[in-house]
1. So if I restrict to the alpha-carbon atoms in the chain, what is the Rg, and what is Dmax, the biggest pairwise distance, in Å?
2. In the neighborhood of ALA229, defined by Cβ-to-Cβ distances under 14 Å, what is the net charge if each Lys or Arg adds +1 and each Asp or Glu adds -1?
3. Using R₀ = 51 Å, calculate the FRET efficiency as 1/(1 + (r/R₀)^6) where r is the Cβ-Cβ separation of ARG146 and PHE469; round to 0.05.
4. Per residue, what accessible area does the range 407-461 have, given a 1.4 Å probe and all protein chains present, in Å²?
5. Counting only the backbone N, which residues of the range 289-307 are under 11 Å from the spot 7 Å out from the Cα of LYS209 toward its beta-carbon?
6. Per 10 Å bin, what is the whole-percent P(r) computed from every C-alpha pair distance within the range 132-190?
7. May I ask which residue of LEU420, CYS389, TYR348 lies farthest towards the positive end of the charge dipole of the range 342-469, with charges of +1 (Lys, Arg) and -1 (Asp, Glu) on Cβ and the Cα centre as origin?
8. Which percent, nearest 5, of DSSP beta bridges in the chain are antiparallel?
Amino acid sequence: MFTFTKEFDTEKTFIPDDVINTLLEQAKNPDPIYVREILEKSLNKNRLEPIEVATLLNVEDKELLEEIFQAARTLKERIYGNRIVLFAPLYIGNDCINDCVYCGFRSSNPEIYRKTLTTEELRNEVKALVSKGHKRLIVVYGEHPRYSPEYIAETINVIYNTKVGHGEIRRVNVNAAPQTIEGYKIIHDAGIGTYQIFQETYHYPTYKKLHPRGPKSNYAWRLYGLDRAMLGGIDDLGIGALFGLYDWKYEVMGLLYHTIHLEQRFGVGPHTISFPRIEPAVGSDITENPPYKVSDDEFKKMVAIIRLAVPYTGMILTAREPAELRREVLKMGISQIDGGSSIGIGSYSQEDPEKIKRSQFVLGDNRSLEEIIQDLIKEGYIPSFCTACYRAGRTGEHFMEFAIPGFVKRFCTPNALFTLREYLNDYASEETKQLGNALIVEELQRVNNTDKVTEFLGRIDRGERDVRF
Ligand code: SAM
Ligand code: SF4
């Protein structure tokens, strides 16, 4: 089986360009009865087949579309309940030898300030994040020889070892360049959660055009990057596409074929799927007017269809999107969002008036973590910082929720309440405390083992931390 090399690139991969185009064409004007059968199949927790996803993608009828949205909402409520997991992105450095035309960090961009955090600066960033209440991070790096697997592992160790009072980071996910199998082993040993690689576009000719130089110009090396991660011992994988580069329907099909490939080769699909839309980036004209701009309505449809297509996967919605849209799309099956994000390098611990010049792109949602937590509670969600599965050696937290009947009620909801209580006791204002504690009282009536959950909450109130089921 292939893992590909840095030298060899090919269009002949598990992404069948001609089949995708044929299916998208064939599935035009879908029969409502067939569409409803597909929705039913997904609601019964089955991953959809390419022709079925192509069919959903071709639904234009307003009422039928509403049925798709409703099915996505139902699936989310039925399987995952009302928790939303919170995390923050932490940019470590923006040196980069690639030249992705849409990215502020690209090597030929003279307008960006280059910066890599020193160990001391990294500690300060982590302290600032922990002091806000964060427990989960995604660390982000440009692609550069200085960001070697050893370096990535070292930065992750610094993060895990930086504590402030009761607080600490308990799970570090990684978004970095594809590695060799050996490289992944080194990063794996640092104790990471998910390794994310976005293919950006699955459409080979577009990919080649938009990644003109550097190692990332090799489509196959990147596409098989997560295969190598798996072979290097990392079995918690995040896939994604950057929406706006090519036809969004094609990209959804690409994400599906990637999912099917991982299932077939390794017996497990992706742990998470991400679907960032292009945001304006300093010195990158293409971002002002993306060639295949995805409208808000298309975005909502896409999120609902991905939810239905791969019912077992976690779905990540980032602060690239504005607050209002995030509120709306959350209902459609999102499991993780970032909060209080700042993507200038070093910008959690230092005010930087020129932050924009150190940032990869511009964020759409600038609410603080606390504001987001308040909003979530008001909308009926339980904000969660849970890292229990990872710490208990149960990989694929979202898969557990999906695959094991009753898992959410027995583990996820209590653990979400415990981490919320920790947050309220350690970091929240009086107003948020009141809101959060009222939510906990309400949720206690719905959990299975109220006595035990109440007992654990009491332990947290007496100062114990990291209690979990
Ligand atoms: N350098 C590594 C790589 O490219 O895989 C990892 C980090 S890169 C900074 C993280 C992701 O940011 C990319 O995979 C891409 O999808 C996304 N990104 C790049 N430019 C963007 C933009 N202008 N708007 C939104 N997302 C962008
Ligand atoms: Fe570098 Fe990643 Fe930006 Fe491409 S997307 S220029 S690889 S940081």
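1. For the chain, the Cα radius of gyration and maximum Cα-Cα distance read 21.4, 62 Å.
2. Values: positive: LYS185, ARG222, ARG228, ARG265; negative: GLU182, ASP189, ASP227, ASP235, ASP236.
Counting the neighbours of ALA229, the net charge comes to -1.
3. Values: r = 41 Å, r/R0 = 0.81.
Efficiency computed from Cβ-Cβ geometry: 0.80.
4. Numbers: 2480 Å² over 55 residues.
On a per-residue basis, 45 Å².
5. 291-292
6. Calculated P(r), rounded to whole percents: 21, 53, 21, 5.
7. CYS389
8. On the way: 3 of 35 bridges.
About 10 percent, rounded to the nearest 5.
The values are calculated or read from the model by the stated rules, or taken from the named source; none is laboratory data. Keep in mind the model is a prediction, meaning the values are calculated, not measured. For neighbour counting, all protein chains shown are included, and Cβ atoms are generated from backbone atoms with ideal geometry for every residue, glycine included. When the accessible area is computed, the model is the full protein with side chains, heavy atoms only, and any ligands, DNA or RNA have been set aside. Shrake-Rupley method; radii C 1.70, N 1.55, O 1.52, S 1.80 Å.
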